[in-house]
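Peer 1: The structure follows.
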Amino acid sequence: MLKCLPSDGANWKIPQDEIARRLDLRSYCICSVDPIGCKDIDDALHCKVLPNGNYEVGVHIADVTHFVRAGSEIDREAARRCTTVYMVDRRTDMLPGLLTENLCSIRGGVERLAFSVIWEIDSKTFKAVKTQYAKTVIKSRAALDYYTAQNMIDNPDDTSELTESLRGLLKIATVLRNRRNEQGALTLASPEIKFKLDVDRENPTDASEYVHVSTHYMIEEFMLLANIAVAEKIVHHYPSFAILRRHPQPKQKEIADFVDQLSKEGFDISLESSKSFAESLDRAVRPGNPFFNKLIRIMATRSMNQAVYFCLADFDVAEVFHYGLAVPLYTHFTSPIRRYADVLVHRLLAAAIDIFSLTNDMTDKFKMARQCD
């Protein structure tokens, strides 16, 4: 498997002929925002204002499939492992460290191969008026953590290009988040705990809950947007075997128990649709009691079914609705360093845009031939 890696290891550079085949975005103000200490950086973003006043937003995902060729030994091992497993003081990688922490990781100040989804977003409606999918080469300006990015946004004296890009992303993400909630997306909760270890990194000495800031949901919204856009694209080109992710309705017994418990507390929960469920959860609030309010969200999460991967050929389109996100089509595209499903989706999308490019090229040549005639 290790023989599948570039022979020059960490010194590998992107070949010029590969750059020539891609959309060159190295001059763009792109950055990543991740947890503190993250080394396997899958995604980066950019936002800029276009001459017509609209926004251009890009989500740039590590192009893992450039190194992990279908059917190779490294591909078979990644498929066997299926995912990276994160533990308190270590992780078990799906891919070799040379890829996860170096050649694929979108670190600041280095050129990387990426697979990008780029939107033109209307500045008034905040809806996408154009979507582009492309293999790209990028150079991230900075690898930020959530709290550093938040401090940059909140600092009124910081008017740098990078900070203004982050502010634009947060502005758009806030609108997208509110719109999703209005459409019936669920706001669930699951406690996230971090541990402090002793000097030998063997025993925990303290535990605390992660503090979430606005940049957390900023990144989440654009990852969701990219996953939805890619799902629509691969379903359009490969309606028989697109790899998607669906979230079934809640577990019947657990949700019935949950509704019964809340009714005893004076709250009426509707299960007619994900939208009515979300709205009734929003009403199940005790002012001044944040512990109770969060507990309600945790209990709602526990009553949910697990989301699952599936092939579209096995289901009718009406059955693939993602209950939690309240969207008709969804997939995983944004984490190919740590999830094998994303690797498969990257291959489908690459084939889709190659076919689209080939079709357009043939159409252009046909038009030219007719003009010559």
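The values are calculated or read from the model by the stated rules, or taken from the named source; none is laboratory data. Please read all numbers here as calculations on a predicted model, not as lab measurements. Note: ideal-geometry Cβ built from the backbone for every residue, glycine included; neighbour counts use all protein chains shown.
Peer 1: Answer yes if at least one residue in segment 50-57 is under 20 Å from Thr131 (Cβ atoms), under 15 Å from the mean Cα position of the chain (by Cα) and at pLDDT 95 or above, and no otherwise.
Peer 2: Yes, segment 50-57 contains a residue that is under 20 Å from Thr131 (Cβ atoms), under 15 Å from the mean Cα position of the chain (by Cα) and at pLDDT 95 or above.
Peer 1: For segment 348-362, state whether one or more residues are farther than 30 Å from Ala78 by Cα and either at pLDDT 95 or above or crowded, with 18+ Cβ neighbours inside 10 Å (or both).
Peer 2: No, the conditions are met nowhere in segment 348-362.
Peer 1: Moving on. Within segment 59-114, work out how many residues are farther than 25 Å from Gln16 by Cα, of a type outside the set (Val, Ile, Thr), in contact with a strand residue (DSSP E or B) (Cβ under 9 Å, 6 or more places away or on another chain) and surrounded by 17 or more Cβ atoms within 10 Å (Cβ to Cβ).
Peer 2: The qualifying residues number 2.
Peer 1: Looking only at residues that are assigned to a loop (DSSP other than H, G, I, E, B) and small (Gly, Ala, Ser) in segment 58-109, which one is nearest to Glu192 (Cα to Cα)?
Peer 2: Only one residue fits best here, namely Ser105.
Peer 1: Here is a follow-up. Would you be able to say whether some residue in segment 272-285 is in a loop (DSSP other than H, G, I, E, B) and either under 30 Å from Leu99 (Cα atoms) or modelled with pLDDT of 90 or more (or both)?
Peer 2: The answer is yes; a qualifying residue exists.
Peer 1: Name the residue that is nearest to Lys171 (Cα to Cα), counting only residues in segment 202-215 that are assigned to a loop (DSSP other than H, G, I, E, B) and touching a helix residue (DSSP H, G or I) at 6+ places or on another chain (Cβ under 9 Å).
Peer 2: Restricting to residues being assigned to a loop (DSSP other than H, G, I, E, B) and touching a helix residue (DSSP H, G or I) at 6+ places or on another chain (Cβ under 9 Å), the top hit is Val213.
Peer 1: Of the residues in segment 182-201, how many are of a type in the set (D, E, K, R), without any contact (Cβ under 8 Å) to a residue 40 or more places away in the chain and part of a loop (DSSP other than H, G, I, E, B)?
Peer 2: The total comes to 3.
Peer 1: Name every residue in segment 287-320 that is in contact with a strand residue (DSSP E or B) (Cβ under 7 Å, 6 or more places away or on another chain) and hydrophobic (A, V, I, L, M, F, W, C), in order of residue number.
Peer 2: Selection gives Ala307, Val308, Phe310, Cys311, Leu312, Val320.
Peer 1: Scan segment 314-326 for residues that are of a type in the set (Val, Ile, Thr) and buried (at least 20 other Cβ atoms within 10 Å of the Cβ) and jot them down.
Peer 2: Result: Val320, single match.
Peer 1: When Thr148 is evaluated against the numbered criteria (1) closer than 17 Å to Ser165 by Cα; (2) touching a residue at least 12 places away in the same chain (Cβ under 8 Å), which criterion, by number, is the only one it fails?
Peer 2: (2)
Peer 1: Given the conditions (1) surrounded by 15 or more Cβ atoms within 10 Å (Cβ to Cβ); (2) under 20 Å from Ile337 (Cα atoms), which single one is not true for Glu56?
Peer 2: (2)
One line per residue, one yes/no per condition, for (1) surrounded by 12 or more Cβ atoms within 10 Å (Cβ to Cβ); (2) more than 27 Å from Asn178 (Cα to Cα):
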site: Arg201; (1), (2): no, yes
site: Val230; (1), (2): yes, no
site: Gln252; (1), (2): no, yes
site: Gln261; (1), (2): yes, yes
site: Lys275; (1), (2): yes, no
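Peer 1: Would you confirm whether or not segment 302-314 contains a residue that is within 17 Å of the chain's Cα centre (by Cα), in a loop (DSSP other than H, G, I, E, B) and not β-branched (Val, Ile, Thr)?
Peer 2: yes
Peer 1: So, one more: Scan segment 32-51 for residues that are out of contact with any Cys (no Cβ under 9 Å at 6 or more places or on another chain), under 25 Å from Val85 (Cα atoms) and not in a loop (DSSP other than H, G, I, E, B) and jot them down.
Peer 2: Selection gives Val33, Asp34, Asp43.
Peer 1: When you check Ala313 against the structure, is it closer than 17 Å to Ile234 by Cβ, at pLDDT 90 or above and of a type in the set (A, V, I, L, M, F, W, C), yes or no?
Peer 2: In short, no.
Peer 1: Give me the pairs: first residue in segment 332-348 and assigned to a loop (DSSP other than H, G, I, E, B), second residue basic (Lys, Arg) and surrounded by fewer than 22 Cβ atoms within 10 Å (Cβ to Cβ), beta-carbon distance under 8 Å, and six or more apart or on different chains, which are they?
Peer 2: Sorted first by the residue in segment 332-348, then by its partner, the pairs are His332/Arg245; His332/Arg339.
Peer 1: For segment 11-31, name all the residues that are surrounded by 10 or more Cβ atoms within 10 Å (Cβ to Cβ) and either part of a helix (DSSP H, G or I) or not charged (D, E, K, R) (or both).
Peer 2: Trp12, Ile14, Glu18, Ile19, Leu23, Leu25, Tyr28, Cys29, Ile30, Cys31
Peer 1: Right, something else. Looking only at segment 110-132, which residues are assigned to a loop (DSSP other than H, G, I, E, B) and touching a helix residue (DSSP H, G or I) at 6+ places or on another chain (Cβ under 6 Å)?
Peer 2: The one that is assigned to a loop (DSSP other than H, G, I, E, B) and touching a helix residue (DSSP H, G or I) at 6+ places or on another chain (Cβ under 6 Å): Phe126.
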